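Beneath this line is the structure, given in C-alpha cells, with notes to follow.
The values are calculated or read from the model by the stated rules, or taken from the named source; none is laboratory data. It should be emphasised that the depicted structure is a prediction, and the values quoted were computed from it without experimental measurement. Glycine also receives a Cβ, built like all others from the backbone with ideal geometry; neighbour counts cover every protein chain displayed. With ligands, DNA and RNA removed, areas are computed over all heavy atoms of the protein, side chains included. Shrake-Rupley method; radii C 1.70, N 1.55, O 1.52, S 1.80 Å.
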Amino acid sequence: MPEGDSVYRLRERLDAATRGARVVDGELRSGNAAGLSLATRTIVAYDTHGKHLLTRFDDLSSLHTHLRMQGSWTITRAGRALPSAERGKARVRLRLADGREVWGLDLPVVELVPTTRERDILGHLGPDPLRDDWDPAEAIRRLSARTDRPFVAALLDQTCIAGLGNLWVNELAFLRGIHPFAPIGSTDLDALVALAARCLRISATVPGMYQVTTGDRRKGSSHWVAGRAGRPCLRCGTRVRVRDEVANDPEQRRTWWCPRCQPMPSGGDVAAR
C-alpha cells in the first residue's frame, strides 16, 4: 500500500509535469461528482496530507483522491492512447491543452470539493512530517493519549501521525528496538516521532533512498525486517518472524520483527510463523 512518501513523490511528479496546464476535455468517472466535465479548468497546485492527494484548480475546487491498495496515476503523451486494458479502470481523465492526458486509474476515493472545504475531509488526520505545518509536539500528544495501544496499531492510526504505512511502522519498531505489539508507551515517544519524521523525509526527498531503511540499496538488503519472514536478521542473524496484523485484513498487512532485537518487555511473545 502506498505510504506518505509514495504519495509525496507522486505529487512532485504530477506537479512538475502538469501544474499550470489547462484542461480542455475530461471528466470524473466515479465519486460524488461522477460524470462532471473538468474542461476549462487549470491545474494550479497539488498538495498532500498523509496518503491523500489534492489537485487544486483555478475555479477554487479541489479533487481529493486516495490510492489505497490499487490506485495509480499516469500521463500519456500527445497522440498516445492508454492501453485498452487500462481504460476501464479510469476514474479521472484530464486531456491537457498540449494533447497529453492525465489518468487516475482504479482510484477508490474520488471526490470534488470546494478548496475552502478541504479541511472538512482531511481535518481528522494527524500531523504529517512531509508538510510545512508538521507539528511533532502534537503528534506526541496524540500518541500519548493511549500509551497502552500496541506499537503497530498506534502508528498505523492516521489520526496520530499521517503518512506512516505498514512498511515504515515495522521498520521503525525495529530501529527503536521495540516489539511491534508492545505498548507504544514502552518507547521514548519524542525519539520515535523524530526518527519517523527523519526517515519519511529522507525517503520522500533523497534520490535513491526511497523506502531504504538500512542504508543498503541492494535487493534483499534495503529493509531490516519488512518482507523478510524466515530470513536471518541483518543485525543478529535470528530468524525474522511474521504475523497477520488483523485477521482477514483486506489490505493484507503483515507485521515482521526480530525476536532477539525486539523482545517483548514482559518476556512474552505472540503467535507467529
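Residues that are surrounded by fewer than 20 Cβ atoms within 10 Å (Cβ to Cβ) and of a type in the set (S, T, N, Q) were ranked within segment 159-210; the one that is nearest to residue 243 (Cα to Cα) is 186. Exactly one residue among 12, 86 is more than 21 Å from the chain's Cα centre (by Cα), at negative phi and outside any loop (DSSP other than H, G, I, E, B), and that residue is 86.
Pairs, please: C-beta under 8 Å, at least 6 apart or cross-chain, first residue more than 22 Å from residue 226 (Cβ to Cβ) and in segment 137-165, second among the basic types (Lys, Arg) and open to solvent by 10 Å² or more (accessible area, probe 1.4 Å)? So the pair list comes out as 159/142.
Per-residue answers, yes or no, for (1) within 15 Å of the chain's Cα centre (by Cα); (2) β-branched (Val, Ile, Thr); (3) modelled with pLDDT under 95:
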| position | (1), (2), (3) |
| --- | --- |
| 142 | no, no, no |
| 149 | no, no, no |
| 155 | yes, no, no |
| 158 | yes, no, no |
| 162 | yes, no, no |
| 178 | no, yes, no |
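Against the conditions (1) surrounded by 16 or more Cβ atoms within 10 Å (Cβ to Cβ); (2) of a type in the set (D, E, K, R); (3) without any contact (Cβ under 8 Å) to a residue 24 or more places away in the chain, residue 59 satisfies every one except (1).
Counting residues in segment 73-85 that are closer than 25 Å to residue 129 by Cβ and in contact (Cβ under 8 Å) with a residue 40 or more places away in the chain gives one or more.
Restricting segment 62-83 to residues that are within 17 Å of residue 17 (Cβ to Cβ) and under 14 Å from the mean Cα position of the chain (by Cα), which is most open to solvent (accessible area, probe 1.4 Å)? By that ranking, first place goes to 72. Taking the numbered list (1) modelled with pLDDT of 95 or more; (2) outside any strand (DSSP E or B); (3) open to solvent by 20 Å² or more (accessible area, probe 1.4 Å) in turn, residue 34 passes all entries but (1).
Within segment 89-112, the set of residues being more than 26 Å from residue 51 (Cβ to Cβ), open to solvent by less than 30 Å² (accessible area, probe 1.4 Å) and assigned to a strand (DSSP E or B) is empty. In segment 113-124, of all residues being open to solvent by 50 Å² or more (accessible area, probe 1.4 Å) and either of a type in the set (A, V, I, L, M) or not in a helix (DSSP H, G or I) (or both), the one that is nearest to residue 23 (Cα to Cα) corresponds to 114.
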